[in-house]
1. In region 64-89, how many are part of a loop (DSSP other than H, G, I, E, B) and closer than 23 Å to residue 25 by Cβ?
2. Please tell me if residue 29 is more than 13 Å from the ligand (Cβ to nearest atom) and free of Cβ contacts under 8 Å to residues at least 12 places away in the same chain.
3. For region 81-102, which residues satisfy the criterion of being more than 14 Å from the ligand (Cβ to nearest atom) and in contact with a Ser or Thr (Cβ under 8 Å, 6 or more places away or on another chain)?
4. So is residue 74 free of Cβ contacts under 8 Å to residues at least 60 places away in the same chain, open to solvent by 80 Å² or more (accessible area, probe 1.4 Å) and either in contact with a helix residue (DSSP H, G or I) (Cβ under 7 Å, 6 or more places away or on another chain) or away from the ligand (no atom under 13 Å from the Cβ) (or both) or not?
5. With the condition kept exactly as written, say whether any residue in region 11-26 is hydrophobic (A, V, I, L, M, F, W, C), touching a residue at least 40 places away in the same chain (Cβ under 8 Å) and crowded, with 17+ Cβ neighbours inside 10 Å.
6. Does region 75-102 hold any residues that are in contact with a strand residue (DSSP E or B) (Cβ under 6 Å, 6 or more places away or on another chain) and of a type in the set (Lys, Arg), and which are they?
7. Pick from 65, 35: which is in contact (Cβ under 8 Å) with a residue 60 or more places away in the chain, surrounded by 10 or more Cβ atoms within 10 Å (Cβ to Cβ) and away from the ligand (no atom under 16 Å from the Cβ)?
8. Taking the options 84, 59, 80, name whichever one is out of contact with any Gly (no Cβ under 8 Å at 6 or more places or on another chain), surrounded by 10 or more Cβ atoms within 10 Å (Cβ to Cβ), at pLDDT below 90 and basic (Lys, Arg).
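The values are calculated or read from the model by the stated rules, or taken from the named source; none is laboratory data. It should be emphasised that the depicted structure is a prediction, and the values quoted were computed from it without experimental measurement. All Cβ positions, even for glycine, are placed from backbone atoms using ideal geometry, and neighbour counts span all protein chains on display. With ligands, DNA and RNA removed, areas are computed over all heavy atoms of the protein, side chains included. Shrake-Rupley method; radii C 1.70, N 1.55, O 1.52, S 1.80 Å.
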Amino acid sequence: MKIKKNDTVLVIVGKDKGKKGKVRFAYPKDDRLIVEGVNFIKRHMRARGPARQAGIIEREAPIHVSNVMMLCSKCNRPARLGFRFLGGKKVRICRACQEVID
Ligand SMILES: [Zn+2]
């Protein structure tokens, strides 16, 4: 997966289209991400003892990596990513401005 934790991404499809956010968690196995402020779902919680009240909580649900684009920190554009080897290390590059992102 090309997108990692702490990257800033732009949502390109769905109800949160156009929103930007920071990746809080990445699940490379599932190609999914949790993005700050994106894809809130409502969960109904049952009361469990006096310490926890019943109610509805909202939290972010993972979204598929194909629903977002990386926002390049160098050119501030939604960018497709490529890879390049720099000194034997694989780094990500922005295909729009050709800058190294990592
Ligand atoms: Zn760029």
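1. Residues meeting the conditions: 3.
2. For residue 29, the condition - more than 13 Å from the ligand (Cβ to nearest atom) and free of Cβ contacts under 8 Å to residues at least 12 places away in the same chain - is met.
3. Selection gives nothing.
4. no
5. yes
6. 84, 90, 92, 95
7. Answer to the selection: 65.
8. 59
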